[in-house]
1. All other residues with a Cβ under 13 Å from the Cβ of A:Pro366 taken together, and with Lys, Arg as +1 and Asp, Glu as -1, what is their net charge?
2. Amide H of A:Arg261: which non-local residues (sequence gap of 5 or more, or other chain) have their own amide H closer than 5 Å, using H built in the peptide plane?
3. List, in order, the whole-Hz ³J(HN,Hα) value for each residue of the stretch A:109-125 obtained from phi through the Karplus relation with A = 6.51, B = -1.76, C = 1.60 and θ = phi - 60°; use x for Gly and Pro.
4. Restrict the search to the stretch C:1-83; then list the GluC sites (Glu not before Pro) that DSSP places in a loop and that have at most 10 other Cβ atoms within 10 Å of their Cβ.
5. Most exposed first by the Cβ proxy, i.e. fewest other Cβ within 10 Å, how do C:Cys157, C:Cys80, A:Cys182 rank?
6. Between beta-carbons, use under 14 Å as the cut-off and find the net charge around A:Val50, counting Lys and Arg +1, Asp and Glu -1.
7. Helix B:21-39 versus the longest principal axis of chain B: what is the Cα-based angle in degrees, 0 to 90, to the nearest 10?
8. Order the peptides C:461-468, C:164-171 from the highest to the lowest mean number of other Cβ atoms within 10 Å of their residues.
Amino acid sequence: MQWEIVIGLEVHAQLSTQSKIFSGASTAYGAPPNSQACVIDLALPGVLPVLNKGAVERAIKFGLSVGAKINSPSIFARKNYFYPDLPKGYQISQFELPVVQGGNIQIQADGEEKNIRLTRAHLEEDAGKSLHEDFHGMSGIDLNRAGTPLLEIVSEPDMRSSAEAVVYAKTLHALVRWIGICDGNMQEGSFRCDANVSVRPCGTEKLGTRCEIKNLNSFRFLEKAIDYEARRQIEILQDGGTIRQETRLYDANKDETRTMRTKEDANDYRYFPDPDLLPLEISANWIDQVQLALPELPQVRRDRYMSEFALSAYDASVLTSSRETADYFESTIKQLPGQAKLCANWIMGEISGQLNKEGLEITACPITPSQLATLLKRISDGTISGKAAKTVFESMWNGELERNVDAIIAAKGLKQISDDSTIEKLVEQVLTANAQQVADYRNGKEKAFNSLVGQIMKATQGKANPAQVNTILKKKLGG
Amino acid sequence: MTLSANDVKRIADLAYIEINDVEAKETLDQLSGIFDLIETMQAVDTSTVEPMSHAQSVVQRLREDEVTEADQHELYQSIAPQVEADLYLVPQVIE
Amino acid sequence: MFNASLKQLAVQLAEKKISSTELTTEFLRRIKQFNPEYNAFITVNEEISLAQAKAADKMIAVGQAGPLTGIPIAQKDIFCAKGWLTTCGSKMLSNFVSPYDAGVIERFNQAGAINIGKTNMDEFAMGSSNETSYFGIVKNPWDVAAVPGGSSGGAACAVAARLTPAATGTDTGGSIRQPAALCGISGIKPTYGLVSRYGMIAFASSLDQGGPMAKSAEDLALLLNVMTGFDLRDSTSLQRDAEDYAQDLQKPLAGLRIGLPKEYFAEGMSQEVARAIEQALVECRKLGAQTIEVSLPNAPLSIPVYYVLAPAEASSNLSRFDGVRYGYRAPAYSDLADMYRKTRTQGFGAEVKRRILIGTYVLSHGYYDAYYIKAQKLRRLIAQDFAEAYERCDIIMGPTTPTVAFNLGEKSGDPIQMYLSDIYTSAANLTGMPAMSIPIGFGDKNRPIGLHIMGNYFKEAQMLNIAHQYQLVTDWHLKSPV
C-alpha cells in the first residue's frame, strides 16, 4: 500500500523584546543562572503579571504579515501543571481567543507554490531550564528563561513530506526574522519546532492517529525525526498494528523517536482564564500603525523581483531568503540599473560563497553594495573581463587598496584591451604567425578558430576583450 | 452527579496532594456534601447569560518593553530550601 | 489612648503630647500582655516597629506628618512586608521572610505609619473562624469561648482588644466584614480594584480585596485614603482620580433610600440578630432615611457560586507552593513527584487541601462547563440583581452574619456549616461592589452583632457617611471588651 504522510507544525518563536512578557526582567541570553529571574519570574507569593506591549506588538506584526485575523479581545489563560522549571505551577498562555487567528504561509516546494494554512498563533511565557549535571543526584534549576515571551505558531496539517515541513519551517523562520520579531537563533532555542505526524493510505481523507514530536531544534533534526516517525508508523500499520496517540522525543544521537508520555497519562491542564489578567483589546488604530511600519514582505518582494527585474523564481526566492540579503541586492541594483541578473549572480555566487566560507552574515560583508556595484559596472562597460573581476573581488574582500575597484584594476594591470585598432593589429600578427591553423579553419576545421582565440588571449595575457576578439577574428578570417 | 473515591484520588494526584484510602473516604464524604450544595446552581437556566470573569469590565493595561529589574538572586536565594552554584536544586528531573 | 480615634491620635502626635515612639511602645507592651491569651499576632518585631516610630517622630518634628504618620497599624500576615516573616497563616510559609513589600505596605510606609505586627489569620485566608491557622486559633476578646471570625480574625481581635488602633484585612468572601461583625468593630471591603493586590498573597484573584479594619467609620475613611490608589504592578488595579473618603462623612441622611433585600430577611437569621438590625434601621429612619424592600433573587446562590469560583482560582494560585524556591520543603522524599506531594501534603492544612481538591475538580476535564462556567454565568446574574436593586435604592442593608460568634470548635468539623457563615457577605465579592460592617449591638453572651452596609461600585464615601452618622448617634463602636 502507498502511504501519505501528514504533518502539522507547532513553532515556538521567542519574541525579541528587551524585557519579559509579564515582568521587567531582562531576556538577554547567556546571563549567569537566575540573575534575570525577578520576584514575578520566581512566582513569589503575592506577585502579579503585567503584559508587555512589545510582545503584543510583535504578535500583531506576525498576524498582519500572514494575513491573519487579529482577535480583539483575546484572552490569557492558565495552563496548570507541575514542573520545576515552571515556577507558578501554571503557564500563562492563550486557549480560547488567541491573539492571532488563521493566516497563510506560501512555500516553494518542488518548484511549485504551495499554501500552508495557519490555525492560530498565541502569546505565552517560556519556562526555565533544568540542568541535569549531577548535583549529588539532583537537578539545578535556572529561571532566567522563565517568562520570556513566546509566540506559538500552529499550522494546519497541510504538509505531506519532511521536505515540505522543512521548507515551511525555513520560510517561517525567514519571515519572523524579516519582520524583526524573533532573532531566529536555533542554537539558543529562539525558534523551536514540534511536529505532529500521522500517516494514512494514499487517496483516503480520514486523518490517522498522530504523534507529537517535541523539541526539534534544527531543520536537519526536523527532517530526520519526521522521516523516522513516518517510517515507524507505516511499519506498525503494515504489520496490522495501531498507532497510539502520544508525545515523543527525538533522540538525535540514535536518530529515533521514543515515547515521552502517552495520551492516558497526559496532563489535565485545567485551562481557565487568568483572573490576574484582563481581556486584551487591540484597537484598529494600533493595528493600522503596525501595518504602516511593516516592511515589504518577502513574498511581495519576491514577486516584485520577478516582474520588475525579470529574475527567475529561483533567483528571486534566494535573494529574498533574508531581508538583509534582499536589501543588499536592492542597494546594489539601484546603482546598476538594468543589470539585475549580473547583480543576482554575483550576490548568490561570489558574495554568498565567500560569506559561507567565513561563516559571516551578509550584514558583516566586507564589501559594500556600492563597492560591488562599481566592480560590476567595470564588467558591463568592458573595462575588465569577468575573470579579472574575480581577481579584483578577491583583493576587495581582503581589503586591499581601500577596496577601490579602479585602483585595484590599475595596480594589477587587469584593464581589458578594448581598442579596435590595437586588437586588429594583434589579430593580424597572430594570423601571420599561424598560417597552418588559418588554413585548417578555412578548410572547415571549426576547432582551429578557438585555438586562434587562445593564441590572441595568450599574447595579451588574457586582457583582450573576448567579444571584440571574436568579431574581429571572424571578420579577418571570413574576408 | 456523584463523586467517587477514584475521582478523589485522581484530583489529589493532579494537585500533588497525598491521600490514603482512609482519608479518601473521609474526603469523599465531605466533598460530596459540598457538591450537593454546589449542585443547587443547576436549577437556574443560564443558557443566554455571558460568563463573568472580572468584577469590572476594564481591559488589560500594557507595560512598556523596558528592563526595570536588577539582579537580586542572592537575596531571593537566601530564602530557598536548597541552592548550589546559583541554581535551585530539586530531585533529579527525568524527561 | 487605647480608645482614641485615629484623628485624636494624630492631634496628640502633632501637639507633641505623645511621641510615636511612646505610642508604639505602649501598644507593643499591650500586645506582649494580651497576645498570649488572644493569639492575634503571628509576628511582632519591636526593633523594626520602633525604628519606624523614630523615623515618624522625625517627620512629625519637621512638620511633614500626614494623617497616619506615627500611628501603629497591624498588618494582616497575608501582606508581604520586606524583612518580615510573612506566613499567610500556613506552615508552607512558616519560614518565609519576604524580600519585597506589598503595594499596601509601601503605601502605609510612605504615609509614615508604624507596622506594629503581623496578624493571625485563617490559613491562606480560607476560613470563617480563624481556626485553620497553622499558628493556632485566635480568641474573641468579647468571649474567649467564641471564635473571632475569619479569615482576618487576628486583625479583628487586635482592634477590638485595643492591641492596635487599626489594622488591615483582606476579604474574599467576607473575611473583613464577618470578623469585624463578630468582634464588634468596623471594617470595609472596597470596590474591587481600588486596593492594590500586589504583594497580597492570592487566594482567589478575582474576588480578593484588601481593606481597613478599625473602631469607627471615620477611622476607616482615613485608612482608605492611604490604602487605595492605582498600582501599575496589578493589572486589575483601577486608574481613577484620588478620592477623599472622609469628605462626605458629615452629610445628613435625609432622603436616603435604604434597600432591604427580602431574601436576606427571610429564614436563617437568628432572632437576636434580627432584633438588632431592626433597631439599627429605626436609628437610620430617625436620621432621615427611608427603607424599601428590594429583591435579589439570585443572591441565595452566592454560596455555591463562591464555592466553585474561589476554590478554582485558589487551586491554581496555590500551585506555586512546591518547595523549590522558598517556603517549606518536606524533609524526606524519594523523588521529584514525591517531594512535591510530601511538601504540599505536609505544608498545607486540611481546609486548604479541601479547597484545592474542590478547585482542581471543578476545573478538570469534563466538569469545567458544568461548574466553572455555570458559576461565572450565575455571577453575572447576581451582579445584575444588585444593579437593578440600585436603581431603586441608594444603599442595601442587612445582617453581616446570620448569628453572633459561634463557639470555638463548634463548626470546625462541618465545612458546609462553616461556609454558610458567609451567606450574606460573599455576593459583594462576586459583584466586586463595596460592602462594610459596623457594630450595632450585642446578642447572647455579650457577643457583638454587625450591620452589613452594601453599596454600588465606588460608593465607599456614601457608605462611610451613613456609618459615621449612625455612629454619631450611637456608641456601640466605642464599646471595648477590655
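We did not get these values from a lab; they are worked out from the coordinates using the rules stated. Nothing here was measured: the structure is a model prediction, and the numbers come from that model. Methodologically, a virtual Cβ is constructed for each residue, glycine included, from the backbone with ideal geometry; neighbour enumeration extends over all protein chains shown.
1. So the surrounding residues net to -4.
2. A:Thr247
3. 10, 6, x, 10, 7, 9, 9, 10, 7, 9, 7, 5, 9, 10, 7, 7, 9
4. Values: sites: C:Glu15, C:Glu22, C:Glu26, C:Glu37, C:Glu46, C:Glu47; in loops: C:Glu15.
Here the GluC sites (Glu not before Pro) that fit, given the DSSP loop and packing criteria, are C:Glu15.
5. Details: C:Cys157 35, C:Cys80 29, A:Cys182 24.
Listing C:Cys157, C:Cys80, A:Cys182 from fewest to most nearby Cβ atoms yields A:Cys182, C:Cys80, C:Cys157.
6. -4
7. 70
8. In descending order of packing, they fall as C:164-171, C:461-468.
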